[in-house]
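Only one structure is covered here, and it is reproduced in the block below.
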Amino acid sequence: MTGTALHQPQAVEHRQARQGVAASEWMLERRWPVALAGAVTLLALWQLYGSTVGLPEYILTPVEIARSAAELTASGRLVELASASLRRLVFGFTIGTATGVLLGLLSGVSRKLGDLLDGPVSLTYPIPKITFLPIIAIWLGFSDPARIIVIAAACFFPAYLNAHAATRSVDQSLVWVAMNAGAGKLRTLMQVVLPAALPRTVAGIRQALALAFIFMFATEAIGSGTGTDAGLGGEMFAARTTGEYEVLWAALATVALLGGTVDATFRWLVGKLMIGQELEAGRG
Amino acid sequence: MANPTATATAAIRNASPGPSLRRLLGIALLLAVWELVANTSGTRLTPTLREIGTRIAFDLETGMLWFHGRLTLMLAFSGLLIAVVIGCATGLLMARSRWAEAMMQPLLGATYPIPRLALYPILILLFGLGAAPKVTLVVLECLYPMALGTYVGARSVTKDQLWLARNVGAGWLRTLRDVTLPAALPAMLTGLRAAAPIMLIVIVVTEMIGENRGLGYMLMLARANFEPDGVLAVVAVLGVLGFLFDRLIALLSKLLVFWERGVRM
Amino acid sequence: MSGNIHAPLTSGTATMDPPADQPQLRVASLGKTFSRNRKTVHALQDVSFDVPRGQFLSILGPSGCGKSTLLHIIGGFEQASSGSLLLDGRPVAGPGRDRGMMFQQATLFPWKTIESNVAWPFIVDGHKRGEARERAHELLATVGLSGFERSYPAELSGGMRQRAALARTLGLSPDILLMDEPFGALDAQTRELMQEELTRIWEHSGLTVIFITHDIDEAVFLGDRVLVMGARPGRIIADVDVELGRPRGTTTKKDPQMAEYHSHFWELIRQEAGPQADRNGGSDRS
Ligand SMILES: Nc1ncnc2c1ncn2[C@@H]1O[C@H](COP(=O)(O)OP(=O)(O)OP(=O)(O)O)[C@@H](O)[C@H]1O
Ligand SMILES: [Mg+2]
């Protein structure tokens, strides 16, 4: 290895790492600083436009929204509305998702049950589940139980379908390996099939969570109750007609905050529980 | 944001094709239970299947179903169409530009769990009651699966494919048309398949909330008039529509993404 | 035989040529560094060589030594960090149809028939559809794919796909063919057949070829000359003329000189890799 070079190296530095390039590179690598900067800029423009040019009376600026949200939280009204909504959400989501996951896993393992449930599920799946509300309301009125049943029905489908598909797509050779090792049916199910089906099942649960929020809001908006029982959704529509715009915006902000927080918490929890497994599988 | 419809059909396809009898049995069982309840209760609260069928025929005859259904579908498809255009553009931009990607991807991820439906009252204040807020809401909801589908699809274009296009001397428009879009098509159709049921939900919900036209209104009207058969007739029609949309998009995928069949043989 | 093998880069064939004959491609002190996440990889360092017109140049080197990077820079897809690259005396500005690139994986569009894939460069170039198809048929005949015009890539074997990709690349009418381990993903038999096919096509074409491989026998069998690269940083450690007669074919592979070249290159690579590679035996073929 001597005299390698024929020519004198004429080093032409094409890309010098300038300071600005490095900074933008840092932001692009992480992504969230760019998104945060974008979001903050948008909010600032909104605020600026509102306080200089002015907005219609029904559109509040971010600062006004924050102030009214703080006031309504202090007075307890927002908390009561939110807890009425969350109560429905939690019950509906829990019942629907638990049923869905359980039946999905079972029908994934048992061909017979799978075939039996497959028909009714594919028959009811295309129906927009919100239409169940007026049907159930025929018997139960626009009550909490009616709303909870509808939320549960909406959550059932993604939970069931994903759990079912997850169990079905578990690598058969994994099961054979377990059987070969002398594992019984129950042990194979608990230690091989369920863990392998977990990522996709969890993705289904996350879809159900997003649907639960949509249906929480929708069931409250339709045939809404009065007072704090209306929940955030009902209250927003009431506030629109009465012109209490600060309540409307504060409730909207609360819905957004709750949706974002619950989803983030869910993902954080899942991240803690499923180390090494792919959570994003369901986010295609 | 996986695709529940695709999941549904995947699940259906995964199920063994042999004992379809058992699957029919499941449907028959469901309907039989309904019939039993309907016949024994004897009240109008639970109409029999026959009564529901008669009601659908009646609503068709009076033109009610056509009148309201047409309005619903028109708004739904306008919204979907706009969402497809904006969503594809956004997805392509995200796939092409790192800045757009860094900006949009976390934003879409963070706003995904927030129900856009909550914006409806504000959209009504902005646009007034009527078509505009509904279509806007459909756009807002369907944008997510479309943008993400296109983004994922456009990102599946390999570096080799893009370099090949540069080697051949294809300009950006040619590359978009002949390389990026075909490569993104399967994922875009998956996005569309996820968007279709969302479109139906959103439009029906908005029609159920204080409105005087559309299938959602028809539903609420029948309820207010205490006509359970009328309610169930609309529900059945919506179910059929949802099913048809899904089949239609599945068929479209099969025709357009013909090349994937060969690979999966 | 030792006379044919000169010490590392004392000269390529080019410097032996009369000075009036300018090399078609001149690579001078080329360097390339990648930096990502504060880590810097010296993919190429001080790489220099000349390629005269019509030469079949094999570039041999272990995985990760920067072979692809070098080819990508020559193709104009990536930019060098330092050094210069002259094509017929002019600096390379970007990709162009004068350099036809063939990738490791046959980069065929799965949504186009074989015929449309091969015809695509003509369409992009503004040819009429019928004319483009005609040219595609001719090219497909050259690579022995007549009868498969209407098939889709997914319906063809790996070897057939590479033939189609070769046909498409030839359709660019390039001056230089850049081939990045095009047969790397093929099974042993198909690979040998493709090598013979390529030799046949090249011997009739007068094209300049830069062919990347990590298979010693492939490099020797195909090349007029072999550059051997070492890794970390990627650089040239040897430049050897292959003096096997032409035309080459099945008999060439049985030539005892092949074996001599093989052991010579293996020795070079072994020295480069260090003593620990010694245990792995004397062949890199799998
Ligand atoms: N875009 C990139 N970013 C960062 N590092 C890169 C990039 N491309 C290549 N490298 C690094 O440069 C080195 C050379 O890569 P290159 O692909 O040229 O090797 P190669 O010789 O073609 O290997 P192989 O035989 O496996 O194809 C490797 O260490 C690789 O990790
Ligand atoms: Mg390589």
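The values are calculated or read from the model by the stated rules, or taken from the named source; none is laboratory data. Small disclaimer: the values here were computed from a predicted structure and weren't measured. Note: ideal-geometry Cβ built from the backbone for every residue, glycine included; neighbour counts use all protein chains shown.
Scan segment C:50-68 and report the pairs whose first residue is free of Cβ contacts under 8 Å to residues at least 24 places away in the same chain and over 18 Å from residue C:32 (Cβ atoms) and whose second residue is near ligand 2 (Cβ under 9 Å from one of its atoms) and of a type in the set (Asp, Glu), with Cβ atoms within less than 9 Å and a gap of 6+ or a chain change.
Qualifying pairs under 9 Å: none.
Is one or more of the residues making up segment A:76-87 on the phi > 0 side of the Ramachandran plot, more than 24 Å from the chain's Cα centre (by Cα) and at pLDDT 85 or above? Before you say what the answer is, go through the steps one by one.
First, pick out the residues of segment A:76-87 that are on the phi > 0 side of the Ramachandran plot: A:76.
Among the residues that remain, those that are also more than 24 Å from the chain's Cα centre (by Cα) are: A:76.
Right, trim to at pLDDT 85 or above and you get A:76.
Yes: one or more hits.
If residue C:87 meets every condition in (1) within 9 Å of ligand 1 (Cβ to nearest atom); (2) more than 10 Å from chain A (Cβ to nearest Cβ); (3) of a type outside the set (Phe, Trp, Tyr) apart from one, which number is that one?
Looking at each condition in turn, residue C:87 falls short on (1).
Kindly indicate whether residue C:239 is away from ligand 1 (no atom under 16 Å from the Cβ) and within 14 Å of chain A (Cβ to nearest Cβ). Let's see the steps before the verdict.
Numbers: away from ligand 1 (no atom under 16 Å from the Cβ): yes; within 14 Å of chain A (Cβ to nearest Cβ): yes.
Answer is yes for this residue.
So residue C:101 passes all but one of these: (1) in a strand (DSSP E or B); (2) away from ligand 2 (no atom under 16 Å from the Cβ); (3) within 21 Å of the chain's Cα centre (by Cα). Which condition number does it fail?
(2)
So, residue A:223, is that one surrounded by 15 or more Cβ atoms within 10 Å (Cβ to Cβ), more than 21 Å from the chain's Cα centre (by Cα), assigned to a loop (DSSP other than H, G, I, E, B) and not charged (D, E, K, R) or not?
yes
Give segment A:121-136 a look and list any residue that's in a helix (DSSP H, G or I) and at the interface with chain B (Cβ under 7 Å from one of its Cβ atoms), or say none. Steps first, please.
The first filter runs over segment A:121-136 and keeps only residues in a helix (DSSP H, G or I), leaving A:121-124, A:129-136.
Selection gives A:122, A:123, A:130, A:131, A:134, A:135.
Restricting to segment C:120-137, and then to whatever is more than 22 Å from the chain's Cα centre (by Cα) and touching a residue at least 40 places away in the same chain (Cβ under 8 Å), can you tell me which residue is surrounded by the fewest Cβ atoms within 10 Å (Cβ to Cβ)? It would help to see each step written out before you state the result.
Here is the first cut: in segment C:120-137, the ones more than 22 Å from the chain's Cα centre (by Cα) are C:120, C:122-137.
Narrowing the set further to residues that are touching a residue at least 40 places away in the same chain (Cβ under 8 Å) leaves C:120, C:122.
On the way: C:120: 24, C:122: 22.
This residue is C:122.
Checking the structure you have, find out if any residue of segment A:144-153 is within 10 Å of chain B (Cβ to nearest Cβ), within 23 Å of the chain's Cα centre (by Cα) and closer than 30 Å to residue B:248 by Cβ.
no
Output the residue which, of all residues in segment B:125-163 that are within 14 Å of chain C (Cβ to nearest Cβ) and assigned to a helix (DSSP H, G or I), is farthest from residue C:105 (Cα to Cα). Before the answer, list the steps.
To start, the set of residues in segment B:125-163 that are within 14 Å of chain C (Cβ to nearest Cβ) comprises B:153, B:156-163.
Still in the running and assigned to a helix (DSSP H, G or I): B:153, B:159-163.
On the way: B:153: 20, B:159: 11, B:160: 8, B:161: 10, B:162: 14, B:163: 13 Å.
Across segment B:125-163, the extreme among qualifying residues is B:153.
Inside segment C:224-250, can you point out the residues that are farther than 21 Å from residue C:53 by Cα and part of a loop (DSSP other than H, G, I, E, B)?
Filtering segment C:224-250 down to residues farther than 21 Å from residue C:53 by Cα leaves C:229-235, C:237, C:249-250.
Listed by number, the residues that qualify are C:231, C:232, C:233, C:234, C:249.
Inside segment C:62-93, can you point out the residues that are among the acidic types (Asp, Glu) and away from ligand 2 (no atom under 13 Å from the Cβ)?
Pass one, segment C:62-93, residues among the acidic types (Asp, Glu): C:78, C:88.
Once the filter is applied, which keeps residues that are among the acidic types (Asp, Glu) and away from ligand 2 (no atom under 13 Å from the Cβ), segment C:62-93 yields only C:88.
Please verify whether residue C:274 is at pLDDT below 85, loosely packed, with under 15 Cβ neighbours inside 10 Å, under 28 Å from residue C:172 (Cα atoms) and of a type outside the set (Ser, Thr, Tyr), treating the condition exactly as stated. It would help to see each step written out before you state the result.
On the way: at pLDDT below 85: yes; loosely packed, with under 15 Cβ neighbours inside 10 Å: yes; under 28 Å from residue C:172 (Cα atoms): no; of a type outside the set (Ser, Thr, Tyr): yes.
Against the criterion (at pLDDT below 85, loosely packed, with under 15 Cβ neighbours inside 10 Å, under 28 Å from residue C:172 (Cα atoms) and of a type outside the set (Ser, Thr, Tyr)), residue C:274 does not qualify.
Restricting to segment A:67-97, what's the tally of residues that are of a type in the set (A, V, I, L, M) and in contact (Cβ under 8 Å) with a residue 12 or more places away in the chain?
First, the residues of segment A:67-97 that are of a type in the set (A, V, I, L, M): A:69-70, A:72, A:74, A:78-79, A:81-82, A:84, A:86, A:89-90, A:95.
Pick out the ones that are also in contact (Cβ under 8 Å) with a residue 12 or more places away in the chain and you get A:69, A:72, A:78, A:81-82, A:84, A:86, A:89, A:95.
Adding up the residues that qualify gives 9.
Looking at (1) surrounded by fewer than 24 Cβ atoms within 10 Å (Cβ to Cβ); (2) at pLDDT 90 or above; (3) not aliphatic (A, V, I, L, M), which is the one condition that is false for residue A:158?
(1)
Regarding residue B:248, is this residue of a type in the set (A, V, I, L, M), more than 11 Å from chain A (Cβ to nearest Cβ) and closer than 30 Å to residue B:158 by Cβ? Lay out the reasoning, then the answer.
Details: of a type in the set (A, V, I, L, M): yes; more than 11 Å from chain A (Cβ to nearest Cβ): yes; closer than 30 Å to residue B:158 by Cβ: no.
No, not satisfied.
Search segment C:152-202 for residues being of a type in the set (Lys, Arg) and away from chain B (no Cβ under 14 Å), and hand back the single one that is farthest from ligand 2 (Cβ to nearest atom).
Just the residues of segment C:152-202 that are of a type in the set (Lys, Arg), to begin with: C:161, C:163, C:168, C:191, C:200.
Remaining after also requiring away from chain B (no Cβ under 14 Å): C:163, C:191, C:200.
Numbers: C:163: 21, C:191: 17, C:200: 25 Å.
Looking at residues that are of a type in the set (Lys, Arg) and away from chain B (no Cβ under 14 Å), I get C:200.
In segment C:203-235, which residue that is surrounded by fewer than 17 Cβ atoms within 10 Å (Cβ to Cβ) and away from ligand 1 (no atom under 16 Å from the Cβ) is nearest to the other protein chains (Cβ to nearest Cβ)?
C:205
In contact with a Ser or Thr (Cβ under 8 Å, 6 or more places away or on another chain), surrounded by 22 or more Cβ atoms within 10 Å (Cβ to Cβ) and over 30 Å from residue C:26 (Cβ atoms), is that true of residue C:140?
On the way: in contact with a Ser or Thr (Cβ under 8 Å, 6 or more places away or on another chain): yes; surrounded by 22 or more Cβ atoms within 10 Å (Cβ to Cβ): yes; over 30 Å from residue C:26 (Cβ atoms): yes.
For residue C:140, the condition - in contact with a Ser or Thr (Cβ under 8 Å, 6 or more places away or on another chain), surrounded by 22 or more Cβ atoms within 10 Å (Cβ to Cβ) and over 30 Å from residue C:26 (Cβ atoms) - is met.
For segment A:173-216, give me each residue that is without any contact (Cβ under 8 Å) to a residue 24 or more places away in the chain and in contact with a Ser or Thr (Cβ under 7 Å, 6 or more places away or on another chain).
Across segment A:173-216, the qualifying residues are A:175, A:178, A:179.
Only residues in segment A:259-284 that are more than 17 Å from residue B:111 (Cβ to Cβ) count as the first member; pair them with residues that are of a type in the set (Lys, Arg) and at pLDDT 50 or above, Cβ under 7 angstrom, at least 6 apart or cross-chain, and list the lot.
Cβ pairs passing all conditions: A:279/A:267; A:281/A:200; A:282/A:200; A:282/A:206.
Specify the residue that is farthest from ligand 1 (Cβ to nearest atom); the eligible residues are those in segment C:42-84 that are among the hydroxyl-bearing types (Ser, Thr, Tyr) and within 14 Å of another protein chain (Cβ to nearest Cβ).
Kept after step one, since they are among the hydroxyl-bearing types (Ser, Thr, Tyr), are these residues of segment C:42-84: C:48, C:58, C:63, C:68-69, C:81-82, C:84.
From what is left, the residues that are within 14 Å of another protein chain (Cβ to nearest Cβ) are C:48, C:68-69, C:81-82, C:84.
Working: C:48: 17, C:68: 3, C:69: 3, C:81: 12, C:82: 15, C:84: 19 Å.
That would be C:84.
Can you list the helices (runs of 4 or more DSSP H) lying wholly within segment C:107-223 that have 3 or more residues being in the same structural domain as residue C:87 (by TED's automatic domain parsing)?
Details: elements: C:114-124, C:129-142, C:158-170, C:188-205, C:216-222.
Those helices (runs of 4 or more DSSP H) span C:188-205, C:216-222.
Residues of segment B:167-181 being buried (at least 20 other Cβ atoms within 10 Å of the Cβ) and not polar (S, T, N, Q), which ones?
Step one: filter segment B:167-181 for residues buried (at least 20 other Cβ atoms within 10 Å of the Cβ), giving B:167-168, B:170, B:178-180.
If the condition is that a residue be buried (at least 20 other Cβ atoms within 10 Å of the Cβ) and not polar (S, T, N, Q), then B:168, B:170, B:178, B:179 are the ones that fit.
Wholly within segment B:164-227, which helices (runs of 4 or more DSSP H) include no fewer than the required count, namely at least 3 residues that are within 25 Å of the chain's Cα centre (by Cα)?
B:181-208, B:215-224
Scan segment C:45-61 and give yes if some residue there is at pLDDT below 90, within 14 Å of ligand 2 (Cβ to nearest atom), under 19 Å from the mean Cα position of the chain (by Cα) and not small (Gly, Ala, Ser), otherwise no.
No.
Got a sec? Which of B:95, B:89 is at pLDDT 85 or above and exposed (fewer than 14 other Cβ atoms within 10 Å of the Cβ)? Break it down into steps so the answer makes sense when it comes.
Numbers: B:95 fails: exposed (fewer than 14 other Cβ atoms within 10 Å of the Cβ).
None of the others qualify; the one that does is B:89.
So which of C:66, C:76 is touching a Pro at 6+ places or on another chain (Cβ under 8 Å), among the small types (Gly, Ala, Ser) and crowded, with 22+ Cβ neighbours inside 10 Å?
Step by step, each of C:66, C:76 is checked, and only C:66 is touching a Pro at 6+ places or on another chain (Cβ under 8 Å), among the small types (Gly, Ala, Ser) and crowded, with 22+ Cβ neighbours inside 10 Å.
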